[in-house]
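The values are calculated or read from the model by the stated rules, or taken from the named source; none is laboratory data. Everything numeric here is computed off the predicted structure, so don't read it as measured data. Cβ atoms come from the backbone with ideal geometry, glycine included; neighbour counts cover every protein chain shown. Surface accessibility is based on the protein's heavy atoms, side chains included, excluding ligands, DNA and RNA. Shrake-Rupley method; radii C 1.70, N 1.55, O 1.52, S 1.80 Å.
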Amino acid sequence: MMRYLLGNYRAGQVRLFAVVVLSTLAALAPIHLFRVIIDRALPSGDGHLLALIAAGLGLLLVVAALLDYARAVLARRIQEFFVADLRLQLMSHIMELPPEYFAAHPIGRLVNRVMHDVARFGMGIEWLLINPVVALSTVVLYTAYLLSIDPLLTGLALLPLPVFLFVTTRISKTLGVHRGVVVHATGTFSASVNEVLLGATEIQANGSYEREAHRLRTQHAALSDAGVREASLLARIAAVSGAYRDFVPVLIYGYGGLLALHGELSTGRLVAFAGAFGGLYLAVDTLIQYLPLYANVRDRYAELQKILDEPVVGAGRVTSEGAVQPVGGGVRLLGVDFEHRAGTKALQQLSLDIPPGQHVALIGRSGCGKSTLLNLVAGRLKPTTGELSSAGVPYQQLDRARRNQLISYVQQSPFLFSGTLRDNLLYGVADEQPLPSDDRLIELATKVGLAPDLLRLGLETCWPDATGGTLPALRSAIAARLGVTNEFAPWQADRSLRANLSPTSCDVDDAAMARDVARAIEAELAIGGMDDAVRRLGLSFDVGEHGSRLSGGQRQKVSIARAVLRRRPLLLLDEVTASLDETSTKIVLELLSTDLRDTTVIAITHELDTLPAFDRVIALRDGALAADAPPHELLSEPDRLGALIGHEAVVSA
């Protein structure tokens with residue numbers, strides 16, 4: 001950890017070190033000037049000297065303020081550098097971790113690591129890099145100053161220090177270990193809170209409120225106990241520290257006062273000694289606090305490093321130079337085995353040869369290894385034994401950029417990002433130039449069955465420009481079609497197009513009336529030739545967080561359109577028609593014979609009606625190859641097909 005900290009942003013750290021040393025000197029100087037005032041200016045009645053010292057003190061205050069400002073800014077820059085660097089390292093690495101890592105590590109705990117632990121690590125940097133320098137420089141300079149005043153008094157003041165250090169160091173070590181317990185308890189509770197929030201509907205469906213409440217109570221009790229224990233240890237350190245802080249001034253003023261009475265120590269030197277010792281005490285106290293804080297930050301960094309040490313999928317980082325040439329879309333598996341971390345064997349001795357352009361349906365019972373096979377072909381998992389290759393190139397030689405040029409993957413539960421529909425359609429090609437036009441996006445949306453959705457989404461989007469005669473005329477036509485008075489609210493730029501086109505006399509809260517209004521609006525848009533403009537507006541529809549404003553079927557269509565737009569040689573589909581209606585499923589399957597005819601497609605499916613759209617059907621059973629045949633052959637043997645998929649095979653006529 002210290003190697004990482006000291007090996008980066010060195011110039012900033014050197015500047016900060018210089019400012020810290022100057023700040024320490026600036027803090028010590030007033031103590032000496034007060035000594036001069038008491039010992040020389042006041043006894044001699046030298047007003048000129050007193051004014052000069054007062055001016056010097058004022059100047060020192062300004063210098064100290066400027067140095068404190070510079071120190072705070074430099075410290076924050078260093079802190080932000082390491083926080084940003086570590087967070088970006090983590091996120092870049094996490095994005096390449098295999099699916100089984102996420103299955104074993106709750107998302108809530110990962111979020112806690114990336115956000116809270118890194119932030120606390122950043123805050124701890126001040127203690128790791130800055131405060132020790134301040135404290136050590138203070139100890140050295142202030143001790144030297146104390147010795148210059150009176151060595152014997154200095155020895156007396158420092159005499160209890162070893163006992164103080166011994167006791168507080170032992171407590172601090174215990175505190176450092178215990179803070180690891182606090183971190184673990186916090187992470188466990190955060191992960192459970194995240195899991196409960198994500199699974200709220202499942203908890204409601206199963207009526208398991210008390211079970212989850214008991215789990216949260218138990219974990220929070222452990223967290224509370226850890227917090228109380230931490231507070232107890234901190235209170236012990238504070239008590240010992242306070243005793244040392246309060247006891248030593250008694251020695252200083254007792255023995256120092258005796259020296260002053262005998263004329264061996266001036267009043268100014270005694271006051272300066274007490275002030276300098278106060279600064280020395282604060283520095284020593286800072287060093288004592290360093291030990292548990294160092295252990296705490298070290299433990300957080302160790303947890304973060306565990307993530308960075310996790311092996312990434314495929315060959316990891318990009319290693320090729322220059323332009324990356326895509327390889328062919330064919331896939332070959334030779335003697336592939338795969339075993340999960342828990343020791344469960346998912347695939348065994350699987351050998352397949354899928355030539356470029358072939359469309360393959362992957363079937364089998366749940367748990368037979370279909371998803372594992374798809375993840376292996378996607379490069380998201382590495383086989384335990386055996387070899388995968390594409391166009392004769394072994395997968396281990398494909399870096400991240402080559403895999404990106406080769407594969408598109410549409411998941412069963414696609415993920416959409418916050419932003420517009422356009423942003424999500426272009427997500428897979430955002431780095432390519434020129435970007436596809438809106439006309440191309442609308443054409444593709446039509447091919448995947450999104451055209452009606454685009455129109456409706458456009459109506460739910462704001463259209464701020466209501467100038468000209470087109471939209472007012474459209475309003476009049478809609479009112480006439482509905483047979484209601486031509487009364488509309490003033491056009492509002494922040495309302496959806498549907499709301500602005502709905503007559504005020506229509507109760508849109510009534511479901512039947514809302515449907516009538518929607519049909520009237522859509523019909524008049526088509527008659528007026530404005531439906532294409534509204535579909536284009538639909539591309540600007542805000543899909544919401546995780547695509548929450550779209551239905552499951554709409555999200556699936558967007559993900560399919562996104563994959564088609566990428567035009568990669570190899571397309572992997574995981575139950576993509578499961579959330580689509582019959583009409584949408586037929587539209588998507590038509591893509592296999594049109595836009596995707598030359599693309600290698602491997603698709604997991606449980607819908608037997610879709611099999612005729614493929615060239616080949618591969619069935620798995622317990623991780624091994626159970627069947628490999630054309631669709632018509634398996635469909636002609638319902639009993640055999642039923643045995644492969646685990647239930648009676650029924651295909652619609």
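Filter the stretch 406-453 down to residues that are open to solvent by less than 70 Å² (accessible area, probe 1.4 Å), among the small types (G, A, S) and part of a loop (DSSP other than H, G, I, E, B) and give me whichever is farthest from R568 (Cα to Cα).
In this case the residue turns out to be G419.
Please identify the pairs in which a residue from the stretch 1-21 that is open to solvent by 70 Å² or more (accessible area, probe 1.4 Å) has its Cβ atom under 7 Å from the Cβ atom of a residue that is of a type outside the set (S, T, Y), counting only partners at least 6 apart or on another chain.
Correct list of pairs: Y9/I78; Y9/F81; R15/L74; F17/V133.
Scan the stretch 182-236 for residues that are more than 15 Å from G108 (Cβ to Cβ) and assigned to a loop (DSSP other than H, G, I, E, B) and jot them down. Walk me through it before giving the result.
Let us first name the residues in the stretch 182-236 that are more than 15 Å from G108 (Cβ to Cβ), namely 182, 201-211, 213-214, 217-218, 221-222, 224-236.
Those that are more than 15 Å from G108 (Cβ to Cβ) and assigned to a loop (DSSP other than H, G, I, E, B): G207, S208.
Would you point out the residue of the stretch 335-359, among those that are among the hydrophobic types (A, V, I, L, M, F, W, C) and in contact (Cβ under 8 Å) with a residue 24 or more places away in the chain, that is surrounded by the fewest Cβ atoms within 10 Å (Cβ to Cβ)? Don't jump to the end; show me each part of the working.
Kept after step one, since they are among the hydrophobic types (A, V, I, L, M, F, W, C), are these residues of the stretch 335-359: 336, 338, 342, 346-347, 350, 352, 354.
Filter once more, keeping what is in contact (Cβ under 8 Å) with a residue 24 or more places away in the chain: 336, 338, 346-347, 350, 352, 354.
Numbers: V336: 23, F338: 22, A346: 24, L347: 26, L350: 24, L352: 18, I354: 22.
The qualifying residue surrounded by the fewest Cβ atoms within 10 Å (Cβ to Cβ) is L352.
Can you find, within the stretch 562-601, the residue that is nearest to D615 (Cα to Cα) among those that are more than 36 Å from the chain's Cα centre (by Cα), outside any loop (DSSP other than H, G, I, E, B) and acidic (D, E)?
Ranking the qualifying residues of the stretch 562-601, first place goes to E590.
Restrict the check to the stretch 374-386 and report whether at least one residue is surrounded by 15 or more Cβ atoms within 10 Å (Cβ to Cβ), over 29 Å from the mean Cα position of the chain (by Cα) and either without any contact (Cβ under 8 Å) to a residue 12 or more places away in the chain or not in a loop (DSSP other than H, G, I, E, B) (or both). Spell out how you get there, then give the answer.
Going residue by residue through the stretch 374-386, those that are surrounded by 15 or more Cβ atoms within 10 Å (Cβ to Cβ) are 374-383, 386.
Within this subset, residues satisfying the condition of being over 29 Å from the mean Cα position of the chain (by Cα) are 386.
From what is left, the residues that are either without any contact (Cβ under 8 Å) to a residue 12 or more places away in the chain or not in a loop (DSSP other than H, G, I, E, B) (or both) are 386.
Yes: the stretch 374-386 contains one or more residues that are surrounded by 15 or more Cβ atoms within 10 Å (Cβ to Cβ), over 29 Å from the mean Cα position of the chain (by Cα) and either without any contact (Cβ under 8 Å) to a residue 12 or more places away in the chain or not in a loop (DSSP other than H, G, I, E, B) (or both).
When the stretch 114-144 is examined, which residues are found to be open to solvent by 30 Å² or more (accessible area, probe 1.4 Å) and touching a Phe, Trp or Tyr at 6+ places or on another chain (Cβ under 8 Å)?
The answer is W127, V133.
Given the structure, is A72 free of Cβ contacts under 8 Å to residues at least 24 places away in the same chain, open to solvent by less than 70 Å² (accessible area, probe 1.4 Å) and assigned to a helix (DSSP H, G or I)? Reasoning before the result, please.
Working: free of Cβ contacts under 8 Å to residues at least 24 places away in the same chain: yes; open to solvent by less than 70 Å² (accessible area, probe 1.4 Å): yes; assigned to a helix (DSSP H, G or I): yes.
The answer is yes for A72.
Might you check whether a residue that is buried (at least 18 other Cβ atoms within 10 Å of the Cβ) and among the hydroxyl-bearing types (S, T, Y) occurs anywhere in the stretch 246-258?
Scanning the stretch 246-258, I find no residue that is buried (at least 18 other Cβ atoms within 10 Å of the Cβ) and among the hydroxyl-bearing types (S, T, Y), so the answer is no.
Out of everything in the stretch 170-197 that is open to solvent by 40 Å² or more (accessible area, probe 1.4 Å) and out of contact with any Pro (no Cβ under 9 Å at 6 or more places or on another chain), what residue ends up being farthest from R298 (Cα to Cα)?
Narrowing the stretch 170-197 to residues open to solvent by 40 Å² or more (accessible area, probe 1.4 Å): 170, 173-174, 177, 181, 184, 189, 193-195, 197.
Next, from what is left, pick out any that are out of contact with any Pro (no Cβ under 9 Å at 6 or more places or on another chain): 170, 181, 184, 189, 193, 197.
On the way: R170: 18, V181: 13, H184: 14, F189: 21, V193: 26, L197: 31 Å.
Within the stretch 170-197, the match that is farthest from R298 (Cα to Cα) is L197.
Does any residue in the stretch 188-215 that is among the acidic types (D, E) come within less than 9 Å, Cβ to Cβ, of a residue that is open to solvent by 40 Å² or more (accessible area, probe 1.4 Å) six or more places away or on a different chain, and which pairs are these?
Pairs that qualify, where the first residue is among the acidic types (D, E) and the partner is open to solvent by 40 Å² or more (accessible area, probe 1.4 Å), are E195/P106; E195/I107; E212/E195.
Output the number of residues of the stretch 266-310 satisfying the condition of being polar (S, T, N, Q), part of a helix (DSSP H, G or I) and closer than 25 Å to T138 by Cα. Let's see the steps before the verdict.
As a first pass, look at the stretch 266-310 and keep what is polar (S, T, N, Q): 266-267, 286, 289, 296, 305.
After this cut, where a residue has to be part of a helix (DSSP H, G or I) as well, the list is 267, 286, 289, 296, 305.
Next, from what is left, pick out any that are closer than 25 Å to T138 by Cα: 267, 286, 289, 296.
Here the count works out to 4.
Would you mention how many residues in the stretch 145-164 are of a type outside the set (V, I, T) and open to solvent by less than 60 Å² (accessible area, probe 1.4 Å)? Walk me through how you get there before you give the answer.
As a first pass, look at the stretch 145-164 and keep what is of a type outside the set (V, I, T): 145-148, 150-153, 155-162, 164.
Applying the additional criterion that residues be open to solvent by less than 60 Å² (accessible area, probe 1.4 Å) yields 145-146, 150, 153, 155-158, 160-161, 164.
Of the residues in that region, 11 qualify.
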